[in-house]
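First comes the structure, then the notes that go with it.
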Amino acid sequence: MKLEEEMMFHLTVGIEKWQGKKDAIPDELKKGHLQLIGLCIETKQPFPKTIIPELVAFLKKPLHQWGIPSITSHFDGDLSVINEFGELSDYFQEWLEMVGSIENEQQKSMKKILEYCTKHSLCNEYTNIRRFLTEHPIIDSISLEAFKLNLHHDLAAFVENCYEKLKPFHEISICPYCGWTLERKKGQLTCTNLCRELADFINIQTIELGSQTYYRLKKGIQRFVLLPGIVEIQWFDHLKKRYKDAEISLYPKVDEFDILIKKGDISFHVDVKDYTHPQLLADYFAKRNSKKYMENKNVIIVVPDYRERLKPGYIKQFYERLNDLGLEIPFQVKLQRDSLKLMDLVLMM
């Protein structure tokens with residue numbers, strides 16, 4: 001990891017830890033601050049002398065305003081480390097998940113579910129669990145226990161560990177997009193940036209918990225299982241309706257792909273990738289073993305259409321980034337609408 005990436009790793013891990021416990025400044029944030037000062041001195045740029053509040057204010061600025069060329073050679077200059085709510089931005093949450101983060105700890109239960117189902121060839125169970133988690137971001141204890149009764153003991157424990165208990169006798173507000181609990185920041189009820197972009201936050205549903213026990217998905221599960229799961233399941237349901245005479249599977253062979261479409265001798269292997277920035281998507285493939293993509297024909301990586309609206313030129317920028325990395329890929333990356341055109345040519349015949 002180069003100095004700029006190492007510094008960004010320390011800064012982002014430090015911010016993530018500091019958000020969870022603001023009574024102490026994490027060592028990672030201190031180290032990242034010192035590395036940033038060193039880069040600023042090298043490039044003769046002013047630097048934040050203190051962590052709070054100067055560094056925090058500095059990290060809210062777009063990277064191109066830092067005046068450090070080696071930073072913008074690694075990251076898009078329009079990005080900020082901290083968003084308007086004082087949180088780690090969506091881009092750096094995803095980047096940190098890719099290189100390793102605190103929230104990865106919360107995802108260990110999902111990894112255990114995957115490993116257990118793979119080991120015991122529990123394809124249907126895995127699909128049911130993924131769908132259940134996506135469709136139940138908040139759940140009462142009776143419903144959770146009822147679902148667990150149908151699972152192997154170990155799997156039931158892993159599923160329960162994806163959730164955390166909510167305080168009773170408390171009213172919660174529900175995100176109109178992902179269904180998770182909203183948090184109040186700067187006087188606003190808010191969720192992820194994607195949720196705010198895709199949903200109307202004017203009329204918000206609330207739930208009065210009362211004395212009944214409720215659970216919600218842990219934040220790491222919400223961010224990296226629930227949000228992508230919404231797109232994957234919506235896309236699966238849409239394809240089922242569109243290609244009625246095809247066999248369509250969700251998370252086949254325990255998540256080998258997100259969706260498998262089969263009609264006669266024709267198969268399409270589909271993975272849905274919903275990264276905030278095309279650079280992250282390209283970096284994902286640069287770091288990943290592409291064996292499964294090379295072993296299967298008609299592989300399509302589908303990017304949700306809204307990514308093109310939120311980041312115009314998304315697909316073009318993805319391929320430009322691949323070129324910069326000197327990377328060739330044995331599959332196609334397309335927006336949803338364009339992937340449909342491709343599949344229609346074969347599956348609508």
* Subset of region 22-81 [under 14 Å from residue 5 (Cα atoms), open to solvent by 50 Å² or more (accessible area, probe 1.4 Å) and β-branched (Val, Ile, Thr)] -> 72
* Residues of region 276-307 that turn out to be in contact with a helix residue (DSSP H, G or I) (Cβ under 6 Å, 6 or more places away or on another chain), closer than 18 Å to residue 94 by Cα and either open to solvent by 30 Å² or more (accessible area, probe 1.4 Å) or part of a helix (DSSP H, G or I) (or both), as a count -> 8
* Name the residues in region 187-215 that are within 23 Å of residue 143 (Cα to Cα), open to solvent by less than 50 Å² (accessible area, probe 1.4 Å) and not in a loop (DSSP other than H, G, I, E, B), would you? -> 207, 214, 215
* **Among (1) part of a strand (DSSP E or B); (2) open to solvent by 20 Å² or more (accessible area, probe 1.4 Å) - the single one residue 261 does not satisfy** => (2)
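Quick check, is residue 327 modelled with pLDDT under 95, open to solvent by 30 Å² or more (accessible area, probe 1.4 Å), more than 14 Å from residue 94 (Cβ to Cβ) and not polar (S, T, N, Q)? Walk me through it before giving the result.
Numbers: modelled with pLDDT under 95: yes; open to solvent by 30 Å² or more (accessible area, probe 1.4 Å): yes; more than 14 Å from residue 94 (Cβ to Cβ): yes; not polar (S, T, N, Q): yes.
Against the criterion (modelled with pLDDT under 95, open to solvent by 30 Å² or more (accessible area, probe 1.4 Å), more than 14 Å from residue 94 (Cβ to Cβ) and not polar (S, T, N, Q)), residue 327 qualifies.
Considering only region 305-317, I want to know if a residue exists there that is touching a Phe, Trp or Tyr at 6+ places or on another chain (Cβ under 7 Å), modelled with pLDDT of 95 or more and under 19 Å from residue 134 (Cα atoms).
Filtering region 305-317 for residues touching a Phe, Trp or Tyr at 6+ places or on another chain (Cβ under 7 Å) gives 307-308.
Filter once more, keeping what is modelled with pLDDT of 95 or more: 307-308.
From the residues that got through so far, the ones that are under 19 Å from residue 134 (Cα atoms) too are none.
There is no residue in region 305-317 that is touching a Phe, Trp or Tyr at 6+ places or on another chain (Cβ under 7 Å), modelled with pLDDT of 95 or more and under 19 Å from residue 134 (Cα atoms).
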* Looking at (1) of a type in the set (Phe, Trp, Tyr); (2) open to solvent by 50 Å² or more (accessible area, probe 1.4 Å); (3) touching a residue at least 60 places away in the same chain (Cβ under 8 Å), which is the one condition that is false for residue 169? -> (3)
* Of all residues in region 218-252 being over 19 Å from the mean Cα position of the chain (by Cα), touching a residue at least 12 places away in the same chain (Cβ under 8 Å) and more than 16 Å from residue 298 (Cβ to Cβ), the one that is least open to solvent (accessible area, probe 1.4 Å) -> 242
* Starting from residues that are in contact (Cβ under 8 Å) with a residue 60 or more places away in the chain and part of a loop (DSSP other than H, G, I, E, B), keep the ones in region 137-166 and report whichever is surrounded by the most Cβ atoms within 10 Å (Cβ to Cβ). => 162
* With region 36-120 as the region, which helices (runs of 4 or more DSSP H) entirely inside it contain at least 3 residues that are within 19 Å of residue 217 (Cβ to Cβ)? -> 90-99, 103-106, 108-119
* Of the conditions (1) under 27 Å from residue 224 (Cα atoms); (2) without any contact (Cβ under 8 Å) to a residue 24 or more places away in the chain, residue 85 fails just one. Which one is it? -> (2)
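For region 308-320, enumerate the residues that are under 15 Å from residue 275 (Cα atoms) and open to solvent by 40 Å² or more (accessible area, probe 1.4 Å).
Initially, region 308-320 is screened for residues under 15 Å from residue 275 (Cα atoms), giving 308-319.
Across region 308-320, the qualifying residues are 308, 309, 310, 311, 312, 316, 317, 319.
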* How many residues are under 19 Å from residue 347 (Cα atoms) and in a loop (DSSP other than H, G, I, E, B) if we restrict to region 229-256? -> 4
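Against the condition at pLDDT 95 or above, at negative phi and outside any helix (DSSP H, G or I), how does residue 129 come out, does it pass?
On the way: at pLDDT 95 or above: yes; at negative phi: yes; outside any helix (DSSP H, G or I): no.
Judged against the criteria, residue 129 is not a match.
The values are calculated or read from the model by the stated rules, or taken from the named source; none is laboratory data. Remember, it's a predicted structure, so these values are computed and weren't measured experimentally. In this analysis, Cβ positions are derived from the backbone assuming ideal geometry, glycine residues included, and neighbour counts consider all displayed protein chains. All accessible areas refer to the heavy atoms of the entire protein, side chains included, with ligands and DNA or RNA removed. Shrake-Rupley method; radii C 1.70, N 1.55, O 1.52, S 1.80 Å.
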